[in-house]
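Structure first, commentary second.
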Amino acid sequence: MDKIRQCTENLKRAVQECEAYKGFQKARKELEAYPELREKVMAFRKRNYEIQNLKEEADVYAEMARLEEEYHEIRKNQIISDYLQNELALCCIMQRINLSLVEILDLDIGDFQDIIKW
């Protein structure tokens, strides 16, 4: 367990030192200087999360299209755009880390893998 703990600490430091995280931190500080923009971004992020977690019978693509249309104008703002782009880059790194771990684990989930939402 000590080896896993040490590797986890190394991974945490590596993420904190990567350009994506540094870019996200910088963009977040800049966004926080404009509370009205931050409020709009958080509303966008919340709605985006809600759409991504809709029940399967919902038309996720139509909902995402509506969200993009609704927030199209504010996404032109450079501060907002920078924040969302840096957030996405960081999220992609986190997804790759998670997927690389899941790929090597034999969790014996074959019988119900079709219902797991990765």
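The values are calculated or read from the model by the stated rules, or taken from the named source; none is laboratory data. Keep in mind the model is a prediction, meaning the values are calculated, not measured. Neighbour counts are summed over all protein chains in view; Cβ atoms, including those assigned to glycine, are modelled from backbone coordinates with ideal geometry.
Summary table
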read-out: Residue in segment 61-74 that is over 20 Å from the mean Cα position of the chain (by Cα), exposed (fewer than 14 other Cβ atoms within 10 Å of the Cβ), of a type in the set (Gly, Ala, Ser) and part of a helix (DSSP H, G or I) present; value: yes
read-out: Scope segment 58-80; condition modelled with pLDDT of 95 or more and touching a helix residue (DSSP H, G or I) at 6+ places or on another chain (Cβ under 6 Å); matching residues; value: ILE79, ILE80
read-out: Pairs where the first residue, in segment 19-30, is under 12 Å from GLN85 (Cβ atoms) and the second is of a type in the set (Ser, Thr, Tyr) and in a helix (DSSP H, G or I), C-beta under 6 Å, 6+ apart; value: ALA27/TYR83
read-out: Any hit, segment 2-12, residues being without any contact (Cβ under 8 Å) to a residue 24 or more places away in the chain and hydroxyl-bearing (Ser, Thr, Tyr); value: yes
read-out: Of residues in segment 9-57 being at pLDDT 95 or above and among the β-branched types (Val, Ile, Thr), the one surrounded by the fewest Cβ atoms within 10 Å (Cβ to Cβ); value: VAL15
read-out: Condition check for LEU54: among the hydrophobic types (A, V, I, L, M, F, W, C), under 30 Å from ILE116 (Cα atoms) and outside any helix (DSSP H, G or I); value: yes
read-out: Residue list for segment 61-118, filter: of a type in the set (Phe, Trp, Tyr) and closer than 30 Å to LEU37 by Cα; value: TYR61, TYR71, TYR83
read-out: Contacts under 6 angstrom Cβ, first residue in segment 89-118 being at pLDDT 75 or above, partner in a helix (DSSP H, G or I) and not acidic (Asp, Glu), 6 or more apart; value: ALA89/ALA20; LEU90/ALA20; LEU90/TYR21; LEU90/PHE24; ILE93/ALA20
read-out: Test: residue in segment 9-25 that is part of a loop (DSSP other than H, G, I, E, B) and of a type outside the set (S, T, N, Q); value: yes
